[in-house]
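Some notes on the structure that comes next.
The values are calculated or read from the model by the stated rules, or taken from the named source; none is laboratory data. For clarity, every value in this text was computed on a predicted model and none was experimentally measured. Please note: Cβ atoms are built from the backbone with ideal geometry, for glycine as well, and neighbour counts cover all protein chains shown. The area values use the complete protein model at the heavy-atom level, side chains included, leaving out ligands, DNA and RNA. Shrake-Rupley method; radii C 1.70, N 1.55, O 1.52, S 1.80 Å.
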Amino acid sequence: QVQLVESGGGLVQPGKSLRLSCAASGIIFRINDMAWYRQAPGQQRELVAAVTRAGSTNYADSVKGRFTIARDNAKNTVDLQMNSLKPEDTAVYYCNARIIPTTTYSELAYWGQGTQVTVSS
């Protein structure tokens, strides 16, 4: 069974940094796109950053220049380095990955359980 497990959330002051990590486990043939989403209270889930298997990245305008997404294909992990955090970055952050498990050889989207990030003084 394939799972995504996130870590690294917490409470941080405005202007500070935080790093989120996500690790995929299970019998995995291949991981294609990986991404981080976030959902603030009362709002829809939105894409924060994405990275292809080849390393091409895409960011939401609101985080460009502050957040960096990076993956390690050998370890099946994806990290999100968040700098210069703002109160409006407060949300539950979710890891997402399009994974081909060896059980089906069919790509599916998997989600982590979410990790809370709170930016407040």
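Observations on the structure shown:
- Exposure ranking of Thr102, Thr68 by accessible area [1.4 Å probe, largest first]: Thr68, Thr102
- Filtered trypsin sites (Lys or Arg not before Pro), segment 35-88: DSSP coil and at most 11 other beta carbons within 10 Å: Lys64, Lys75
- Order by protection proxy (mean Cβ within 10 Å, highest first), peptides 21-34, 87-100: 87-100, 21-34
- Accessible surface of Glu107 - all protein chains present, 1.4 Å probe, nearest 10 Å²: 70
- Gain on full stretching of the segment that runs from Asn73 to Thr57 - 0.36 nm per residue minus C-alpha separation: 4.3 nm
- For Tyr105, the solvent-accessible surface with a 1.4 Å probe is about 140 Å², rounded to the nearest 10.
- Shown for the chain: the carbon plus sulfur share of the solvent-accessible area, taken with all protein chains present and a 1.4 angstrom probe, equals 47%.
- Excluding ligands, DNA and RNA, the accessible surface per residue across segment 14-116 is 52 Å² with a 1.4 Å probe.
- Semi-axes of the equivalent ellipsoid for segment 1-90, Cα gyration tensor, largest first, Å: 23, 14, 13
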